[in-house]
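Please read the structure below before turning to the comments.
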């Protein structure tokens with residue numbers, strides 16, 4: 001048997017030093033990857049956003065939407081608020097909606113100052129795409145929009161989202177909007193969004209009590225029939241005494257439907 005002392009001893013700590021060297025190399029490789037591995041196509045698309053041809057800027061915005069990421073959102077936000085061509089702004093809004101998330105929704109909300117109502121409509125739609133239920137707080141900005149079409153589009157998005165979190169905002173449109181068309185749409189959509197939500201009953205009761213347009217009151221009566229709440233029956237019974245014949249006829253029809261279903 002060979003004596004242990006006949007073999008040369010390995011220097012103390014060599015394994016530790018090699019391991020540390022490998023770890024440091026891997027660490028610095030990771031840093032290099034993050035700092036220097038900028039995707040060339042992102043940079044190229046960012047440059048093309050400044051091209052003088054609007055069609056190229058549109059294509060660049062669409063490309064950034066497919067690529068996604070924070071850098072893309074920042075670039076798209078700048079042209080949404082800064083570009084003078086509506087088609088480019090719309091492309092930016094749609095791209096942000098496709099990317100989605102809180103950062104994209106925040107960027108979209110900055111675009112409500114756009115001059116074109118069509119751009120603002122696309123922003124409303126893109127907010128729905130970007131966050132569904134989470135977009136509802138951002139949609140409140142549309143309530144103050146000067147264009148009736150934008151406000152109508154906002155109520156439609158609340159209907160499509162279909163979540164009870166949208167009930168208060170939809171109620172705001174139903175009660176306070178200056179356009180009877182918007183109020184009627186909001187009252188009508190309440191029946192889909194506010195199912196089994198007592199807040200919806202209170203909102204529609206207020207519409208029937210204070211609304212001057214009989215069409216809006218009629219839409220409110222119809223929505224009460226979908227809420228599946230006993231308190232809604234009481235409100236429909238109030239509408240049986242409405243001064244407008246059409247509202248009374250509709251209330252009678254809705255009440256019969258509600259009683260026959262018995263909310264089962």
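Rule-based calculations on the coordinates, nothing more; no lab input. Predicted, not measured: the structure shown is a model, and the values here were computed from it. Glycine also receives a Cβ, built like all others from the backbone with ideal geometry; neighbour counts cover every protein chain displayed.
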For segment 143-264, taking Cα atoms only, what is the radius of gyration to one decimal and the Dmax to the nearest whole Å?
-> 13.4, 43
Modelled label-to-label distance, residue 146 and residue 117, 7 Å Cα→beta-carbon offset: nm?
-> 1.1 nm
Between Rg and the Kirkwood Rh of segment 41-161, both from Cα atoms, what is the Rg to Rh ratio?
-> 0.96
